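Step one of this worksheet: look at the structure below.
The values are calculated or read from the model by the stated rules, or taken from the named source; none is laboratory data. Given the structure is predicted, the values throughout are model-derived calculations rather than measurements. Using ideal geometry, Cβ is built from the backbone for each residue, glycine included, and neighbour counts are taken over all protein chains shown.
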Amino acid sequence: MFEGIDLNFIWFVLIAFLFIGYAVLDGFDLGVGTLHLFTNDDSERRVLLNAIGPVWDGNEVWLVTGGGALFAAFPHAYATVFSGFYIPFMILLFAIIFRAVSIEFRSKSESKQWRHTWDVAFSISSVLIALLMGVALGNIIIGVPIQANFELRTTLFSLLTPYPVLVGITTVALFAMHGAIYATTKTEGELKAKLRKWANTSMIAFIVLYVLTTIGTVIFVPSMFKNFSNSVFLYLVPLISILAIINIPIQLNRGKEFRAFISSCVAIATLLVLFAIGIFPNIVPATIAENSLTIYNASSSHKTLGVMLIIALIGMPLVITYTSIIYWIFRGKVKLDKSSY
Amino acid sequence: MDAEILARIQFALTICFHYIYPPISIGLGVILVIMEGMYMKTKNIRYHRITKFWVKVFALTFAVGVATGIVMEFQFGTNWATYSRYVGDVFGSPLAAEGVFAFFLESGFLAILVFGWDKVKPRTHFISTMMVALGAHLSALWIIVANSWMQTPTGFHIVQEGIMTRAEITDFWAVVFNPSTLERVSHTLSGAWLTGAFLVLSISAYYFTKKKHLDLAKSSMKIAIVVAAFASMFQLFTGHLSASQVAATQPAKLAAFEGHYETAPADLYLVGWVDEANNKTYGIKLPGMLSFLIFGNTYTPVAGLNEFAPGDRPPVNIVFQAYHAMVAIGMLIILLAYLGVFYWWRGKLENVKWFHHVMMWSFLLPQISNQIGWMAAEIGRQPWIVYGYLRTKDAISKTVDSGEIVFSLIMFTLIHILLLALFIFLLIRKVKQGPDGDNSENDNPEQQLQFAE
């Protein structure tokens, strides 16, 4: 099956696609969570929650499926990273658990104390998830101390160095902006005006942090740019990325929130494509270059990658079709009713 | 304690807590399809109302199930890295397939199921309900494909050596339909249907005892009795298939089920105790019955635990007790389900008070037998993680030390207890509230019907 085709490369692209899908979709859920405590009004908070209500769960499945696909296609990457980042990964899991249940639990009682507790849990866990994911990404960019036997051991504090933390904070700002813009497309009136303000603030924060991160990358990890010498077409990616980011304030000022949201999606996607181009052909670059996990030494067999490709080719078009239908059904502004959170 | 034991305790704890919720979702999913199907067929508003009520119970269960389940997807990597490297080529595919085919389906259509009542046509809503139920079943299918491969591995070969040793797929369909897949999927699913059905029975019985929401209670109880009557018989049938299958492929596990040490014609214990120090089993037994159940006669010898080196045997007494308790509870479940059928047939379903009081607590039975049935299956596989190929002690993450696992174990314990407490609290609250728009102490179905027309 698939003789002579570089399935390892195809799976690198597919897993990148799954994680980009996750970041673009759950990114706005996390962003809405990040902004959740900025309003004190219960009905405004309910509108925010219900803006993501029907879709956040499906969005999170992109992460779960991405994890499963990583396990299947690159088991060494899955094993090395998750055991090597044990403590931060556990904290990430706890945050994911609390976030999921706080959305469901909050609406189950009218009590102020109850709702406040879950609002705080929802918001803190949203920020924490974005931050930890950014920090993990930052650490992978600078490389981690993988040993010759593929094993990795880190501590929480060895991962919290300036560059990864910068990437983490940038991610929080990016998702906050993304979430604010998404929520403006789902709301009206006063809340929408507030969200526009938050969108602007978080956008400015993001752009400043983004510039700092880029400077940091140029200085500390110049290897992230090495692949650009392979093809001049690769320069299209940063170009699109920058144009998309510039387009966000333009569209927001014109009151075209949906266009701003699409630009924000493109910005997140292209930033992650830049990350993927930067590390390729590594999946997890090591501080000692020859210990890096690559798409070849960390992968499953050609046979398994082929079977998986068939599963993906059957499954993903279905997923994209009905996910689009569901987004279409729940289009338009949020109206609170009996079945709302 | 060493890292291996801690990692095992953590896995056991997280999977046990997680497995409280998915069987409810699977079973309730089937019941929702029936209820809404009845509404589509009869257009009787009563079915619409009860479907809406049970959807709320479903949504709550689903949320906690997802939250506790995400851990499972990643725990292979965090705590069982060596296992992940060894089996990733084989084991990863069903996990990824579960995501692609099941989780997306379930969570996507859940949006319409829960929030879409006024947004889509009734037919579209019904299709969504079916898709959610289908997703839940596909999820069970793929995860049990993965687990069954650990029990009865086929369709692979071992390549390389040392730290790079691993299993690689040679035949994908042989992995998917390994010798125990069908038996174990059907047995697990019937357990899940019972879990959903008995939860509905319990809550309906509670309403009968309180004389509240009788309309909802009556219709729900009848549908649940139908599901329970079918599923409990199917459970017995698939249980028999599973045990015969274990006899053929995992002889040490079967011997542990019955505390069977000497290779000889084997007895079936009703109750008993295994003295593991002296390799002896005491109890009340039916002579030759195990041989009979497997081979159709009472004299064919069954391989005993003595055939296996002590290091290759599972812990016997705990497996014995879990297995026997599961079977006993299974029988009790059949009895209760058919008592329900009996009272329905006699037209007494609403009047038998003792039955309502018993049924109120019956949701615990499938829950307990799910848990201990899985214990028998998983502890019975020990000391292997992949039966005959990889030992559990060789499968843990090499770079995660016991201190780190203690931290995560304590956190998981606290979180899961908290989640279970909140789940129970919210479920009771929802049950006490009853269906929307129904504040009457003793509602009148005739009135409701008129209102509908």
note = Scanning segment A:1-32 for residues that are of a type in the set (D, E, K, R) and buried (at least 24 other Cβ atoms within 10 Å of the Cβ), the one nearest to residue A:136 (Cα to Cα) turns out to be A:26
message = Every residue in segment A:25-46 that is within 14 Å of another protein chain (Cβ to nearest Cβ) and not basic (Lys, Arg), please.
response = A:25, A:26, A:29
task = For segment A:80-87, indicate whether the set of residues that are surrounded by fewer than 22 Cβ atoms within 10 Å (Cβ to Cβ) and either in a helix (DSSP H, G or I) or in contact with a Gly (Cβ under 7 Å, 6 or more places away or on another chain) (or both) is non-empty.
result = yes
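A quick yes/no check of all residues on (1) buried (at least 22 other Cβ atoms within 10 Å of the Cβ); (2) among the basic types (Lys, Arg); (3) modelled with pLDDT under 95; (4) part of a helix (DSSP H, G or I):
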| position | (1), (2), (3), (4) |
| --- | --- |
| B:215 | yes, no, yes, yes |
| B:225 | yes, no, no, yes |
| B:230 | no, no, no, yes |
| B:241 | no, no, yes, yes |
| B:244 | no, no, yes, yes |
remark   = If we ask which residues in segment A:299-341 are part of a loop (DSSP other than H, G, I, E, B), among the basic types (Lys, Arg) and facing another protein chain (nearest Cβ under 7 Å), their number turns out to be 1
ask   = Restricting to segment B:384-397, what's the tally of residues that are surrounded by fewer than 18 Cβ atoms within 10 Å (Cβ to Cβ) and either within 14 Å of chain A (Cβ to nearest Cβ) or at negative phi (or both)?
value = 4
query = Got a sec? Which helices (runs of 4 or more DSSP H) wholly within segment B:74-182 have at least 1 residues that are in contact with a His (Cβ under 7 Å, 6 or more places away or on another chain) and within 7 Å of another protein chain (Cβ to nearest Cβ)?
reply = B:81-97, B:104-115
query = Restricting attention to segment B:109-155, which residues are touching a residue at least 60 places away in the same chain (Cβ under 8 Å) and more than 23 Å from residue A:64 (Cβ to Cβ)?
reply = B:117, B:122, B:123, B:125, B:126, B:151, B:152, B:153, B:155
key: Qualifying positions in segment A:117-172 - aromatic (Phe, Trp, Tyr) and under 20 Å from residue A:83 (Cβ atoms)   = A:150, A:157
key: Unique match (being touching a Pro at 6+ places or on another chain (Cβ under 7 Å) and either in contact (Cβ under 8 Å) with a residue 60 or more places away in the chain or not basic (Lys, Arg) (or both)) among B:215, B:171   = B:215
Flag for residue B:325 being touching a residue at least 12 places away in the same chain (Cβ under 8 Å), of a type in the set (Gly, Ala, Ser) and surrounded by fewer than 21 Cβ atoms within 10 Å (Cβ to Cβ) = yes
key: Filtered residues of segment A:60-95 (kept if under 30 Å from residue B:57 (Cα atoms) and in contact with a Ser or Thr (Cβ under 7 Å, 6 or more places away or on another chain))   = A:61, A:90, A:95
task = Considering only segment A:34-63, state which residues are assigned to a loop (DSSP other than H, G, I, E, B) and over 22 Å from residue A:330 (Cα atoms).
result = A:39, A:40, A:41
query = Does any residue of segment A:146-153 turn out to be under 24 Å from residue A:15 (Cβ atoms), among the polar types (S, T, N, Q), in contact (Cβ under 8 Å) with a residue 60 or more places away in the chain and in contact with a helix residue (DSSP H, G or I) (Cβ under 7 Å, 6 or more places away or on another chain)?
reply = yes
task = Report, by residue number, each residue of segment A:32-60 that is among the β-branched types (Val, Ile, Thr) and either touching a Phe, Trp or Tyr at 6+ places or on another chain (Cβ under 9 Å) or free of Cβ contacts under 8 Å to residues at least 60 places away in the same chain (or both).
result = A:32, A:34, A:52, A:55
remark   = Listed by first then second residue, the pairs whose first member lies in segment B:234-253 and is of a type in the set (S, T, N, Q), whose partner is at pLDDT below 90, with beta carbons under 7 Å and at least 6 positions apart or on separate chains, are B:244/B:294
inquiry  = For segment B:26-48, check the following and say yes or no: at least one residue is of a type in the set (Asp, Glu), over 21 Å from residue A:58 (Cα atoms) and more than 8 Å from chain A (Cβ to nearest Cβ).
reply    = yes
message = One residue is enough: does segment A:151-158 have a residue meeting the conditions away from chain B (no Cβ under 11 Å) and either closer than 18 Å to residue A:33 by Cα or crowded, with 20+ Cβ neighbours inside 10 Å (or both)?
response = no
request  = Tell me, yes or no, whether segment B:135-146 has at least one residue that is within 19 Å of residue A:324 (Cβ to Cβ) and out of contact with any strand residue (DSSP E or B) (no Cβ under 9 Å at 6 or more places or on another chain).
outcome  = yes
note = Restricting attention to segment B:255-299, the residues that are over 16 Å from residue B:318 (Cβ atoms), small (Gly, Ala, Ser) and either crowded, with 18+ Cβ neighbours inside 10 Å or touching a strand residue (DSSP E or B) at 6+ places or on another chain (Cβ under 9 Å) (or both) number exactly 4
request  = Consider residue B:11 carefully, then state whether it is more than 7 Å from chain A (Cβ to nearest Cβ), surrounded by fewer than 24 Cβ atoms within 10 Å (Cβ to Cβ), touching a residue at least 40 places away in the same chain (Cβ under 8 Å) and not aliphatic (A, V, I, L, M).
outcome  = yes
request  = Determine, yes or no, whether residue A:66 is crowded, with 22+ Cβ neighbours inside 10 Å, assigned to a helix (DSSP H, G or I) and within 7 Å of chain B (Cβ to nearest Cβ).
outcome  = no
note = Restricted to segment A:282-296 and to residues being part of a loop (DSSP other than H, G, I, E, B) and surrounded by 18 or more Cβ atoms within 10 Å (Cβ to Cβ), the residue farthest from the other protein chains (Cβ to nearest Cβ) is A:285
inquiry  = Criterion first (more than 14 Å from chain B (Cβ to nearest Cβ), without any contact (Cβ under 8 Å) to a residue 24 or more places away in the chain and either surrounded by fewer than 23 Cβ atoms within 10 Å (Cβ to Cβ) or in contact with a Cys (Cβ under 9 Å, 6 or more places away or on another chain) (or both)) does residue A:161 satisfy it?
reply    = yes
query = Would it be correct to say that residue B:172 is over 20 Å from the mean Cα position of the chain (by Cα) and farther than 26 Å from residue B:251 by Cβ?
reply = yes
